[in-house]
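Bear in mind these aren't lab numbers, they're just calculated from the coordinates by the rules spelled out. Nothing here was measured: the structure is a model prediction, and the numbers come from that model. Quick reminder, even Gly has a Cβ in these numbers, built from the backbone with ideal geometry, and neighbours come from all protein chains shown.
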Amino acid sequence: MRPDARPGPWIDNTNQYNMNQETGSFIIIGATREGQVFRPSDWADRLCGIMATLGNDNRVKYSQFVRPGCSLTGLKTVIVDARLHRANPAAYQFVVEFARSNNLQVEPIGDDQV
């Protein structure tokens, strides 16, 4: 874990998702823990779309807490802000469970990286 990152529900040193740690910000990476690219290719947009709203201009406005992104290697990602847990614990748990049930790579990030 990076020194600037807070603990969260990612894989701990026992190689298991740890839901008992303090919640923190993290990135879900579009690859399984075995290294396979996660499909479908629009998974990040779908996941973020669950928490998005439709603006007056009929454009999707992603939540400030859950946003799609892209890794330096071109993989789709979802950036999850720790503030989601304070605003909506059930939504935070849903996102964590999505990553866990799909065996996706999860990386903690510092709040300054959200």
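Brief remarks on what is shown
- Cβ-Cβ under 8 Å pairs, at least 6 apart or on other chains, segment 27-51 side over 22 Å from Asp81 (Cα atoms), far side of a type outside the set (Gly, Ala, Ser) and in a loop (DSSP other than H, G, I, E, B): Glu34/Asn103; Val37/Leu75
- One residue stands out in segment 70-99 among those that are among the charged types (D, E, K, R) and not in a loop (DSSP other than H, G, I, E, B): the one that is farthest from Thr23 (Cα to Cα), namely Lys76.
To keep it simple, each residue is scored yes or no on (1) over 14 Å from Val106 (Cβ atoms); (2) in contact with a Pro (Cβ under 7 Å, 6 or more places away or on another chain); (3) not aliphatic (A, V, I, L, M).
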site: Ile27; (1), (2), (3): no, no, no
site: Gln36; (1), (2), (3): yes, no, yes
site: Ala52; (1), (2), (3): yes, no, no
site: Val80; (1), (2), (3): no, no, no
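- Scanning segment 55-82 for residues that are surrounded by 15 or more Cβ atoms within 10 Å (Cβ to Cβ) and free of Cβ contacts under 8 Å to residues at least 40 places away in the same chain gives Tyr62, Ser63, Phe65, Val66, Arg67, Pro68.
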